[in-house]
Amino acid sequence: MAIRYKVTLAYDGTAFAGFQVQPHQRTVQGVLERAVNRLNKSSDYVHVFGSGRTDAGVHAVGQVIHFDLVNDIPDQGIINGLNSLLPLDIEIKMAEHVTADFHAQFTAHGKRYVYRVSQTKAVNPFKRFYTGHYKYPLEVNLIKTALKDVVGTHDFSSFVASGSQTKSHIRTIYTATVKELPQEKELVFEFYGNGFLYNQVRIMVAALLEIGSKRRPVHDFLRLYQVKDRNECRGTAPASGLYLKEVVYQPDK
């Protein structure tokens, strides 16, 4: 009988073509599956299931996956074994046995994303892969006001990139915040919601930065919910600033 493992991991997305397996591309899922199958004692191929996709260049500090093995390995053994097989841009942080009805994607209650914005005049060479960059002056109080319009259940059709195959664009955002880090010259956004559309966080951040620089009215999100038109919200913040911080599950999952 197969044993299901839930694994939490972090990765630097810079050198990956995203999470999902793609032909002839280095992906997080592909690298994980090669490592997991080296631990497997069965001839059957083991598939790794993630809580969701992240795009090329997007990072994670709390991505969650699950997979099934026929052999019972202690949780610490999974951590040690996989970390010994994985490249240095992926780290296994936690592993645990879970029941067969756990699914990394379908039993998730919500996700928490962070977006980091560097505010230096020129691009910091040591941050270029780990932050977005915005050189224009910002009024953070305008952004904080706009974030109140983000919270709640809305139709985010204006904030989804082309190529999305999701039928419903209605999502609920539980919390949306921004904080200033003056010493680092950064803004840090955090969004917690029941789910996010393709590029939704990056598009929202781009619109919020435009609000902060007075290129867009402070309550423009309310209009964008109504028009449901991606052409009204064209900007997309760079992938380099986005981090999947946490996947939240119900207590019994």
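The values are calculated or read from the model by the stated rules, or taken from the named source; none is laboratory data. Fair warning: this is a prediction, and the values are worked out from it, not measured in the lab. Every residue, glycine among them, receives a Cβ derived from its backbone with ideal geometry; neighbour counts consider all protein chains shown. Each accessible area value is taken on the protein alone, full model and side chains, heavy atoms only, with ligands, DNA and RNA left out. Shrake-Rupley method; radii C 1.70, N 1.55, O 1.52, S 1.80 Å.
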### Query
What are the residues in segment 1-39 that are polar (S, T, N, Q) and in a strand (DSSP E or B), if any?
8
### Summary
Within segment 200-242, the residues that are part of a helix (DSSP H, G or I), within 28 Å of residue 60 (Cβ to Cβ), without any contact (Cβ under 8 Å) to a residue 60 or more places away in the chain and open to solvent by 20 Å² or more (accessible area, probe 1.4 Å) are 210
### Task
With respect to residue 161, determine if the residue is more than 16 Å from residue 245 (Cβ to Cβ), under 20 Å from the mean Cα position of the chain (by Cα) and open to solvent by less than 20 Å² (accessible area, probe 1.4 Å).
yes
### Task
Hey, can you tell me all the residues within segment 60-85 that are part of a strand (DSSP E or B) and either open to solvent by 10 Å² or more (accessible area, probe 1.4 Å) or without any contact (Cβ under 8 Å) to a residue 12 or more places away in the chain (or both)?
61, 68
### Query
Which of (1) touching a Lys or Arg at 6+ places or on another chain (Cβ under 6 Å); (2) closer than 27 Å to residue 17 by Cβ; (3) among the charged types (D, E, K, R) is the odd one out, the single condition residue 116 does not satisfy?
(1)
### Query
(1) touching a strand residue (DSSP E or B) at 6+ places or on another chain (Cβ under 9 Å); (2) outside any helix (DSSP H, G or I); (3) open to solvent by 50 Å² or more (accessible area, probe 1.4 Å): which one isn't true of residue 88, the others all being true?
(1)
### Verdict on residue 139 being on the phi < 0 side of the Ramachandran plot, over 19 Å from the mean Cα position of the chain (by Cα) and of a type in the set (Asp, Glu)
yes
### Summary
Given (1) assigned to a loop (DSSP other than H, G, I, E, B); (2) out of contact with any helix residue (DSSP H, G or I) (no Cβ under 9 Å at 6 or more places or on another chain); (3) crowded, with 18+ Cβ neighbours inside 10 Å, residue 57 misses just (2)
